[in-house]
Each structure stands twice: as C-alpha cells, then as structure tokens.
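Engineer: Below are the structure tokens for one structure; questions will follow.
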Amino acid sequence: MRWLEQLRMRIGMLLGRGRAATELDAELREHLVRQTEEFVAAGMSAEEARLRALRLFGNPALIREQARSTWSWNAVEALGRDVRYGVRTLVRSRGFALIAIVVMALGIGANVAMFTIVRSVLLKPLPFSDPGRLMMVYERDAAGDHDATFDLVAGGMFAEWKHENKTFQDLALASDAEFNLSASGSQLPEKLDGVNCSWNLLGLLGVRPAEGRSFTADDDRPAANGTVMLTWGLWKRRFGADPGIVNQTVHINSRPYTVIGVLPAWFVYPKDPSVQLLTAVNHDKPAAWMESLVHHSFAVTGRLRPDVTPEQATADLALISRRVRNAHRDIPVIGKSAMVRPLLEDMEGNARQTLYVLFAATSCMLVIACLNVANLLVARGAARRREHAIRLALGGGRLRLMREQLIESLLVCVGGAAAGLALAWAAVVWLAKARPEMSRVESIQIDGPAVLFAAGLIVVSALSAGGIGSLAGREDRLLARLQESGRGTSMAIGRVRLLKVLLTLEVGLTVVLLVGAGLLLKSYERLRSSDMGCATREVLTMRIALFGSRFRDQSQRVNFFSDFLSRVRALPGVDAAGIVQAVPGQGNWEDRPFTIVEHPRLPAGQTGVALDRWADPGYFAAMGIPLLRGRSFDAGKRLDGAREMVISKSFRDQWLPGEEPIGKHVRVDNLVLTIVGVAGDTRSSPSEEPRPIAYMPLYSGYPNYGTAVIRSSHQVDQLALPVEKIVQSMDRNLPVSDVMTMDQLLGKSTVEAGFDATLVSVFAGLSLLLAAAGLFGVLSYLVAERTTEIALRMALGASRRQVLGKVMLDGLRPALLGLGMGLAASLAAARAVASMLYRTRPVDSGVFALVSTALLAVTVLACLVPAWRASRLDPLGALRVD
C-alpha cells in the first residue's frame, strides 16, 4: 500500500539522513563537473568553464537547502541544530548556566517535593478495597450544629448502630491499646502500640493477611483464647520474617496469645501508623465496656451501602442516637447525634490546610526563580544584541531567534529539573524520617506522576522565563539596535524597565513569604513558651504499664508503684519523683462525669465533666505544681481508704465559684471522694487553655499505668538508665516507653507547628537570597552598561557621592515598590494561615515591621557593592577605553 511505502521512506530519511546528504553533495558535484567539461570541450579555459558552469547551475548551497527542504523530518533536524547550538552557548557561558540551573533546581525541586507530599497524603486513594465508601463514624454532642464537637463512640452505642442502621454495609470498631511484649530468648521486653479491633475490621477494609489467617467471629469472644496479628514491620524486625511464627505463642501483657497471621507489607493502620499489633476487642475489653453508653473509647469504621451518601448515613445514625438518648435520660454523656465523614478526610486531620499553605509557598518560590532566570536572560539578551542584530540584517528570522532563546531557557529548566528531582527525592526521604507520625507518610515517594509534574514545570518555567527574555529582545528598528549595541551607549530603556518590573514582582512575592514565615515563627515561639503550669526544666518522664496476673490485684499495683518510687527517690541526684496518669503536655487522655454531693442535682441531660488524673502524693512537688489551698493526698491512705481528691484551680472556678472547696465531696462513678486540696492549673497541650482537672489517688489501686516524673537539679537525662534498671530488677518483662525530658515531650507536641514554621522560613530565606542575588546581578549589569554615561557625568562635575546615591536609588526604587505591593498582598495571605497561628494576630505590626526592615537591609547591601564600584570609576580611564 502507498501509505506504507511513504512511511518506509520517511523512516529511511530519518535514520539515513547523513547518507542522503552525502549522496546529494556527490550528485551536485557530478553535475558541475559534467557541465564544466562540456564548456571546456566547447573551447573555454578550465577556470572560465568552471565559473560559467556555476553561473548556469546556480548556488550549490542554495540548491542543497532547497533539496533538503523537500525531505521529511526537517523540523526535527532544525530542532536538533537549535538544541546543539543552545548547549554550545551555555557551555561557553558556564557562570550564567550554573546560576540559572541552581535557581531553577531550587524552585522545581521544592515544588516536586510538595506536590509528591500533597498528592500522597491528600489526593492518592487509600490502598483499601473501594476506599470511597469507607467512613469514620463518631458520636456528636449536638444535632445539626456544624461547630459542635464529636467524640469517640461508646460500645453500647456501636451495638445499637450496627444492628439498626440501614445505610451501612458493615460497621467495625477499634480501640487504641498499649501492649507489653514479653522478653523471649535474648530479646528484651518491648512496649508496642496496637489496637483492639472487632473481628470484621480487616474484612471491611478489604485486607487479606500475607501469612496465616485473619480474625474470625470465634476469636472475638470473651471466652476465646487470645489471638494476635502482626504487622509486616514487626514480623521482620522482631521475628526475622519467620513464617513459622504463625500458630506460635507469644506473651503480651503477660498473657499467652497465638499469632494467627501477618498483615501485608503495604498495610498501615489508617488512624495511627505506629500500630504494630492487632488483637480481638471482645477478648481484651471487659464486657461492661463493650455494653457501656458512657465510656467513649472506640473508633468506628463503616462501609456505606452502594448509592448511600455520608449525609444520609449521618441522618440514619442520628435517629438511632436520639432514640437511645431518650431511653436513657439519666445518662447525660450519650451523644445527641452522629457524624459520618470519609476515612481519607478523617486521616488528613489538619494536614490539608498546612500542606496547601506549604505548596503555595513553594509555588511562590518557583515564580521567583522563573523571574530571576528571566532577568538573567533579559540581561544576557542585551549583551548579545549586536549578534542578533547582525543575524537579522543577514536575513535571519525573528522566530528563529526567539526559538533559540526558548530552547536555551528549556535547557536551563531541564538541567534544573534534573537537579531538582534529586533535591525532591532527598527532601521526601528526610520528611519520612522527620515526620514518621504524619498520616500516610509511608506512601510518600517520587513516582511517575511526580516526574510528569516535573516535566510540566519544565515547560511552564521555560515558556515563562524564556518567553519574557525573547519578547524583550524584539526590536523593529534594526538600525537603532545596531547603534544601541555599540560601545558607549546605554541599554534600551524598554529593556531596563522590564528588568525593574521583574525585580519588583520578585521582591513582592518574597515579602509575602517572609510575612508568612514571620507569623508562623512568632506563633511557634509563643506556643513553645506557653506556661504549662509546672516545671519543664530538668524533669525526666517515662511511661510504665502494669499487665498480667502479677498485677491483677489492686494491692499488687499499689505495692509496685510505692516500691518503685522509693527506689527512684533514693538514687543520687534525684530531687523529687512521682507518678501521674498523664503529665502536662501529654494530651487530654480521659475525662469523666462527676457530681458534687453538696450541690443540687443538675437538670436532666447536664453533668459536670473534668479530666481525671490518678497521681501519687509526691506528684505535685515533683512537677512543681503549686498547691493553692489544702494539701496533697495522704500517703498512708491506700486502697479503699484512699478516697481523697485534689482539684485544679479551673475546676474550682467553674464548679465551686465563691465556695470553700476543702471538705466538699465529689461523686465519680460509684466513688465518693473528699476534696483535700486545690492545685494550680496545667495545660494538657501547649496550644490549649487549662481545663478542669480532678486528681485522684494513685494508691487507690485503680490505675495500672502511669507516667513517672523524676526531677533533678542537673543533667536529669543521665538518670534514665538507672531508673530503667530499677524497673527491670522489679520485673524483667516490664518495659518502659516514651523516655524523654519534659522539654523533649513539649517539643514533640509542638513538632508540627515547628515543622511548618521551619519549612516556610527556609522557602522565604531562599526567596530572599534569590531576590537579593537578582537585584545585585541586574544592578551590576546596569552599571556595566552605563559605564560611559557615568564616566561622562563624573567628567562633567558629578561627585562620587552623587553617583553612589543615583545608582543606589536605581536599585531601591523597584525594591521599595515591591515591598509596598508585597505588604498589601500579605494582608490577604496572612488570613489564609490565621487558623494555624497561636496567640498571634494575622496582621501583626511587629512582624510586618521586621520584614520591612530585613528586606530593606538586604536590598541596601545588594545595591551597595555595584553602587560603590560605580562611584570608584576612573572617568578618564573609562572614556579612553571607550
């Protein structure tokens, strides 16, 4: 067929283009030789015959070009020539090429890294079966109120939802848990994060084990034998990836559990990536908790039926919740409604806004990089204007020159993208190590879409930077350009204006980034300096959890804690020690409803709620929490005799205002405790205001876990190993966890705010550096271009101070205009980060003033060197050279 023959010829021309060109040259020479021979035979001399043949035949170079124009793939050949020319040009201008590539590498690398993170965390579908129908379900304290808080689900409410709902295909529940994995062989005991889950959770998610089997309904019974599933990471790390571990027994919390399966390598528990063990919830949790309507401790996951919306499911569960609440009006903490939201949205938490803000910051940085490269290309184009003018005068096309400049810009962006991808890969690896707690951090990696995004950035950046540079070089008055290009004249006014406009935009975007970074840094500093209401210097903390038959009785737990504290307080260097359920900065943990016996009964549906903390008598002294009234617990009262309570100042102010709290009685569950003291307020988190706290005696024997606090006057971190040895000497299978100082603990709780502030500050700092470099480069170039003008001014009487001031003013004008534009834009941008700020106003005069001062200082420094060089110019020498 004809089209096949044409295709064959086209491919042949593409692959054999060099051979065809050689054959064409040979044919042209043959024709000239024959024509020359004919003229010689007619009586002409050899030289006259050759010239006559050339005149008759025509210009061989023109004929060669005309012939080649009929060949296929001419555009490809022309593009290849332009690319080779661009590469040679950049090689000759190594300084320009290196600076431009580094600038684009920073911009493209930062954007590729942030795109990868945003896509992996926010946009990539979850790796579960039909993830769009997976929902998280919560109880809610108010129906129809979008601002109402929501809570974890009580086991009794879950049972009602599961049996009566009409919108979910299935519902499953899970509860966070801490597991003590006992020592075995040469391996030490280890504290692991895990979950107690209903047997159908993995099936609901569509997860099949890589080894062994999953849970069954028989495993999820109170009377069943203990069963556990391991994550892939734990299986490899602790058990050497031995398939034989399946059906073997391990001891968790000093109880035997049979390993029934290993989860696949890609599986990460949706709500907490640190989870390493899964056990059956009905086996591990008391039946009273599973049936309770009070204890809100379960995360509920559901799979919607086909064609059911989250709004319909919310209405369905809310109806059930209202019915349950109406049937139990004497229980005030039952949710009035429900909340259903997609699992992916729930996992994102507050990350969405943070990541979009960071993405916006990197986008600004890329625009600044493009403007910087455009400035370099404009200045470079001005330096080559004589070359371009000569080529135009000799018949070169304007489009050809523009294409060469765009290809040069494209080559710079390709080089920048190659280096940027390496930077992005390093940034992603660093992020995975720096923020292991981030949702879906395991899925963040440079992949095909990230490379395609980088390719898109190459095209956009090349068109932006190269387009501005090539358009700036357009000049219809060719003679004027040739004259402008001679020595002793200044750069075209239009080109100078373009350079200054680009600088103004660059400075404006830099100001926006600097203001955002300043606000986040100020917010972070205020967060870190929050008054926690307790000692934070030289205080060591560690978690201890007592499980197993040895600590089943309350008296055994009391004896252990008492003995442990006695040994720790006897260590050299220990000033004070205590134990509490959760120290300030460690989170809210649990709250508990209560009633004050001496007060009238609250209306139906209302109750007092306070955070509960089980503490030993020495805790307040160890943490430096002041006792405002009364005393701490009586160390001699234990078990049933320990019926005392210490309340916080917020508790007193909210529930006992204007009353004498000492001696009042508080009912918590079935216990009645007497208030014996009022302690100062503490914060559960640096970003939260103090909440009412009810402290109850650790020596009552109820809690089986707590955080030990050890205070020392110097180098408290050196006490960690001696304290851990005390625990090991008391029980070899008892691990300690979360060993850190209070400073480290508070730093961990504010790591997200610090991470955000640091990243934005880095982007802002790099942008400021780019803007300063651009200003310095452009001003240096303008001074070099105006050497003759400056020399003439000085020869005619201008002082060095006047020259210095004029050149400085040339640089300061675009910087001041950019500063004004940037501050105006920052007013709008600051509101975008308002929800990320802690006790910091979006329009903070101090931050705006500091940014303005810093930018002006950097601008003056960037302008000073070129201006100083101009003022030191020798006018006679410059004019003589010209």
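The values are calculated or read from the model by the stated rules, or taken from the named source; none is laboratory data. This one's a predicted model, so the numbers in the text were calculated from it and none came from an experiment. Cβ coordinates were reconstructed from backbone atoms using ideal geometry, including for glycine residues, and neighbour counts include every protein chain displayed. When the accessible area is computed, the model is the full protein with side chains, heavy atoms only, and any ligands, DNA or RNA have been set aside. Shrake-Rupley method; radii C 1.70, N 1.55, O 1.52, S 1.80 Å.
Engineer: So I have (1) 265; (2) 195; (3) 162, and one of them is volume of the Cα convex hull per residue in Å³ calculated from this model. Which one is it?
Structural biologist: Read-out taken from this structure: (1).
Engineer: What is the range 285-335 by shape, rounded, prolate or oblate, if you read a ≥ b ≥ c off the alpha carbon gyration tensor as root eigenvalues and call it rounded for a/c under 1.5, prolate for a/b larger than b/c, and oblate otherwise?
Structural biologist: oblate
Engineer: Sort S648, S713, S297 by accessible area with a 1.4 Å probe, largest first.
Structural biologist: So, going from the largest accessible area down, we get S713, S297, S648.
Engineer: Ignoring ligands, DNA and RNA, what percent of the accessible area of the chain is carbon or sulfur (1.4 Å)?
Structural biologist: Its accessible area is 58 percent carbon and sulfur atoms.
Engineer: Quick check: residue separation of E789 and L188 times 0.36 nm, minus the Cα distance between them. What number comes out in nm?
Structural biologist: 208.3 nm
Engineer: Tell me, which longest segment in the chain has none of the chymotrypsin sites (Phe, Trp or Tyr not before Pro) that fall in DSSP loops with at most 13 further Cβ atoms within 10 Å?
Structural biologist: 267-588
Engineer: Also: Which whole-Hz ³J(HN,Hα) couplings does the range 714-730 yield from phi under the Karplus relation 6.51 cos²θ - 1.76 cosθ + 1.60, θ = phi - 60°, glycine and proline marked x?
Structural biologist: 3J(HN,Hα) across the range 714-730, in whole Hz: 7, 6, 5, 5, 6, 7, 4, 5, x, 5, 4, 5, 4, 4, 5, 5, 7.
Engineer: Over the Cα atoms of the range 686-790, Rg to Rh with Kirkwood Rh, two decimal places?
Structural biologist: 1.38
Engineer: Quick one: angle between helix 800-832 and the longest Cα principal axis of the chain, in degrees between 0 and 90, rounded to 10, please.
Structural biologist: It works out to around 40 degrees.
Engineer: Using only the Cα atoms, what convex hull volume per residue in Å³ does the range 527-672 have? Kindly include the intermediate steps, with their values, before the conclusion.
Structural biologist: Values: hull volume 22.9 nm³, N = 146.
Value for the range 527-672: 157 Å³ per residue.
Engineer: Right, next: Calculate the FRET efficiency for R29 and V91 from the Cβ-Cβ distance with a Förster distance of 35 Å, rounded to the nearest 0.05.
Structural biologist: Plugging the Cβ-Cβ distance into 1/(1 + (r/R0)^6) gives 0.50.
Engineer: For A854 and L628, what does the FRET efficiency come to when R0 = 30 Å and r is the distance between their Cβ atoms, rounded to the nearest 0.05?
Structural biologist: Taking R0 as 30 Å, the efficiency between A854 and L628 is 0.10.
Engineer: Using amide H atoms built 1.01 Å from N in the peptide plane, name the residues 5+ places from W199, or on other chains, whose amide H lies under 5 Å from its own.
Structural biologist: Counting only residues 5 or more places away or on other chains, the set is V281.
Engineer: Add -39500 (n - 2.57) for each DSSP H run of 4 or more in the chain, then divide by its residues: what number comes out at 222 nm, to the nearest 500 deg cm²/dmol? Please list the in-between numbers first.
Structural biologist: Values: 29 runs with 466 residues, N = 882.
Helices in the chain give a 222 nm mean residue ellipticity of -17500 deg cm²/dmol.
Engineer: Let me ask something additional. Any chance you could run the full-extension gain for K166 through D218? It's 0.36 nm times the residue separation minus the Cα-Cα distance, nm to one decimal.
Structural biologist: 16.2 nm
Engineer: Evaluate the distance, in nm, between pseudo-label points positioned 7 Å from the Cα of Y702 and of R208 along their respective Cα→Cβ axes.
Structural biologist: 4.7
Engineer: Show the residues, 5+ positions off or on another chain, whose built amide H is closer than 5 Å to the amide H of A576.
Structural biologist: Those qualifying (amide H under 5 Å, at least 5 residues apart or on another chain) are R711.
Engineer: Between the range 181-218 and the range 807-870, what is the separation of their alpha carbon centroids in Å?
Structural biologist: 55
Engineer: Would you mind finding the longest exposed-site-free stretch of the chain, with exposed GluC sites (Glu not before Pro) meaning DSSP loop and at most 16 other Cβ atoms within 10 Å?
Structural biologist: My reading of the result: 1-436 is the longest stretch.
Engineer: So what's the angle, to the nearest 10 degrees on a 0 to 90 scale, between helix 493-528 and the longest Cα principal axis of the chain?
Structural biologist: 10
Engineer: Protein chains only, probe 1.4 Å: how do L188, L278 rank by accessible area, largest first?
Structural biologist: L188, L278
Engineer: Please list the non-local residues whose amide H lies under 5 Å from the amide H of T227, H modeled 1.01 Å from N, same-chain partners needing a gap of 5 or more.
Structural biologist: T258, A280
Engineer: Follow-up question, since we're still on this one. Between E291 and R81, take the C-beta separation as r, use R0 = 56 Å, and let me know the FRET efficiency to the nearest 0.05.
Structural biologist: Details: r = 81 Å, r/R0 = 1.45.
So the FRET efficiency works out to roughly 0.10.
Engineer: With each pseudo-label sitting 7 Å past Cα toward Cβ, what's the L864-R831 distance in nm, one decimal?
Structural biologist: 3.9
Engineer: Ordering R119, R238, R329 from largest to smallest accessible area (1.4 angstrom probe), what's the sequence?
Structural biologist: R329, R119, R238
Engineer: Let me ask you something else. From the phi angles alone, apply the Karplus equation (6.51, -1.76, 1.60; θ = phi - 60°) to the range 27-36 and give each ³J(HN,Hα) in whole Hz, x where the residue is Gly or Pro.
Structural biologist: 5, 4, 4, 4, 4, 5, 4, 5, 5, 5
Engineer: Please list, by residue number, every one of the trypsin sites (Lys or Arg not before Pro) in the range 730-786 that is coil in DSSP and has at most 15 other beta-carbon atoms within 10 Å.
Structural biologist: Qualifying residues, ordered by number: R732.
Engineer: With θ taken as phi - 60° and the coefficients 6.51, -1.76 and 1.60, list the Karplus ³J(HN,Hα) couplings across the range 618-630 in order, rounded to whole Hz; mark glycine and proline as x.
Structural biologist: Rounded to whole hertz, the list is x, 4, 4, 5, 5, 8, x, 8, x, 8, 6, 8, x.
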